[in-house]
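To keep things clear, I will list the structure first and then write my remarks on it.
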Amino acid sequence: MEQKLFVYNTLTRKKEEFIPLDAPHVGMYVCGPTVYSDVHLGNCRTFISFDLIFRYLLHLGYKVRYVRNITDAGHLEGDADEGEDKVSKKARLSQLEPMEIVQKYTVDFHEVMKTFNALPPSIEPTATGHIIEQIELVKAILEKGYAYEVDGSVYFDVEKYNETQDYGILNGRKLEDMLNNTRALGGQNEKHGKLDFALWIKAKPEHLMKWPSPWGVGFPGWHLECSAMSNKYLGHKFDIHGGGMDLMATHHTNEIAQNVASCGNSPANYWLHTNMLTVNGQKMSKSLGNSFLPAQLFEGNHELLKKGYSPMAVRFFFMQASYRSTVDFSNEALDAAEKFYKTLAEAAKKLNTLQQNTLVAVEDEAESAIIAACEDCYNGMNDNFNSPKTLEALNNLSKWINSFANATRNSGVVSAETFELMKKTYNDFFYDVLGLKQDDNESGDTAGLLGLIVNLRNQAKANKDYATSDKIREGLKQIGFQLNDNKQGTTDWIKI
Ligand SMILES: [Zn+2]
């Protein structure tokens, strides 16, 4: 962990050095999906961004506890105490149990995340699994005097809270501005103030998911679950809290208020927010007809898509922008990402069959260029997980790999140490940090195994043992791998 990592903190609105509370442990909480429909591509981008962050922290040697919740109750249609529960509504319309809806879309979500090669979080708690903790939290907030009960519902008193605390701390806004810019939302006849939000909501008789509480039968407000579950698994104070930028103004602002009101401190030191996904410059939305699902994107099954793109090409495409910038989908941008991804993936394959030639004469220029590119892989990620910078550094390394593999340059012009550094850095970043894999379903392990077999074959050829060399070539062909020979021996293979 000699690397100094800087992250952009929404809370302070500046880039700060990342210093964990209790290194090497890092606690990270990310707001997960509400599982009532197919996962939206914009959400995929958010979770892929946090996968990249999780992977880099692991690479740096941190022991990360990554908590990402599943919202399976309490998220109302209007996001702000109005409308029907999203899961319940889907259950009612489909004539299914709410838990059938939850099960279906949780499984789908996991499958999509796996397709994108995202690592599972360390803990994935659900709102319905933590009703007791949520009720306890409401009690604590009531005891501290920051909430009030009206006819079986409990509301957070924002104006009372703001007398001693700063409610708009996360987005840097004053309470007066927020009050002036808020329309009247659900439960206004019961709420004392326009910005007050529900901690516990009284359930109507027809409401499907409801639980007994000290205030009667009801269900938790949407913001409550994240405070309760982050408290439970990461403690009152932890390192990183993340989510989509759309969650910042209300959901995260209210989470901070709930935590401060109940236990006296803001939950996380660093707040990280991912930006939106647009399509041809417009917001992706069902009403504009420009919204497609991950599966449609892979198959090219939408009028706006001229062809399908592999999950790795899409993951790569997301990482071509910093997580804090918007990403704009277009066929041209996806084509370019696919091409760039293939270039780097091919170099990764060649690298694992590449061996350093006997040292001829170390060229300072080659030596320093490779070392600088390796350092730039880290420099990119250390600069607020700036993946485009890291991809550019890998691109520079791929040019060296290609020149060595194609024997247009002798690999003996760099020292064994630098050659190994190049191999390790490229593999570490391509497979482990960026979470990429070979599109032809070959994992890093398979690529490594093939590299080993190819090296054995090269040795057999060098020993003039052509019978073994041919046997290996034929054997690989039978299981679907074609070797490409060149002047330097075999450094390349393709799946046939
Ligand atoms: Zn949340």
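So the values come out like this:
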| read-out | value |
| --- | --- |
| Residue within the range 208-227 that is outside any strand (DSSP E or B), at pLDDT below 90, in contact with a helix residue (DSSP H, G or I) (Cβ under 9 Å, 6 or more places away or on another chain) and within 21 Å of T253 (Cα to Cα) present | yes |
| Some residue of the range 171-181 being surrounded by 16 or more Cβ atoms within 10 Å (Cβ to Cβ) and of a type in the set (A, V, I, L, M) | yes |
| Residue within the range 29-45 that is without any contact (Cβ under 8 Å) to a residue 60 or more places away in the chain, within 14 Å of the ligand (Cβ to nearest atom) and in contact with a strand residue (DSSP E or B) (Cβ under 7 Å, 6 or more places away or on another chain) present | yes |
| Lone unmet requirement of (1) within 16 Å of the ligand (Cβ to nearest atom); (2) at pLDDT 95 or above for Y146 | (1) |
| Any hit, the range 9-18, residues being in contact (Cβ under 8 Å) with a residue 12 or more places away in the chain, charged (D, E, K, R), under 28 Å from F109 (Cα atoms) and open to solvent by 10 Å² or more (accessible area, probe 1.4 Å) | no |
| Complete set of residues in the range 377-425 that are free of Cβ contacts under 8 Å to residues at least 40 places away in the same chain and among the polar types (S, T, N, Q) | N379, N396, S403, T408 |
| Filter pass, R68 being touching a residue at least 40 places away in the same chain (Cβ under 8 Å), charged (D, E, K, R) and under 25 Å from F238 (Cα atoms) | yes |
| Complete set of residues in the range 400-421 that are touching a Ser or Thr at 6+ places or on another chain (Cβ under 7 Å) and either of a type in the set (S, T, N, Q) or closer than 15 Å to A369 by Cβ (or both) | F404, R409, F419 |
| Filter pass, N290 being crowded, with 22+ Cβ neighbours inside 10 Å and either in contact with a Pro (Cβ under 8 Å, 6 or more places away or on another chain) or in a loop (DSSP other than H, G, I, E, B) (or both) | no |
| Every residue from the range 293-303 that is open to solvent by 60 Å² or more (accessible area, probe 1.4 Å) and assigned to a loop (DSSP other than H, G, I, E, B) | L293, N301, E303 |
| Residue in the range 242-257 that is in the same structural domain as D72 (by TED's automatic domain parsing), more than 12 Å from the ligand (Cβ to nearest atom) and either of a type in the set (S, T, N, Q) or in a loop (DSSP other than H, G, I, E, B) (or both) present | no |
| Residue list for the range 262-283, restricted to those being surrounded by 18 or more Cβ atoms within 10 Å (Cβ to Cβ) and under 17 Å from N43 (Cα atoms) | L272, H273, T274, N275, L277, V279 |
| Unique residue being at pLDDT below 95 and out of contact with any Leu (no Cβ under 6 Å at 6 or more places or on another chain) when the list is V433, V414 | V414 |
| Residue list for the range 401-417, filter: surrounded by fewer than 21 Cβ atoms within 10 Å (Cβ to Cβ) and of a type outside the set (A, V, I, L, M) | N402, S403, N406, T408, R409, N410, G412, S415, E417 |
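One line per residue, one yes/no per condition, for (1) of a type in the set (A, V, I, L, M); (2) within 22 Å of E16 (Cα to Cα):
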position: H207; (1), (2): no, no
position: P212; (1), (2): no, no
position: V217; (1), (2): yes, no
position: E225; (1), (2): no, no
position: S230; (1), (2): no, no
position: L234; (1), (2): yes, yes
position: K237; (1), (2): no, yes
position: G242; (1), (2): no, yes
position: M245; (1), (2): yes, yes
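The values are calculated or read from the model by the stated rules, or taken from the named source; none is laboratory data. Please read all numbers here as calculations on a predicted model, not as lab measurements. Positions of Cβ are backbone-derived with ideal geometry, glycine not excepted, and every protein chain shown enters the neighbour counts. When the accessible area is computed, the model is the full protein with side chains, heavy atoms only, and any ligands, DNA or RNA have been set aside. Shrake-Rupley method; radii C 1.70, N 1.55, O 1.52, S 1.80 Å.
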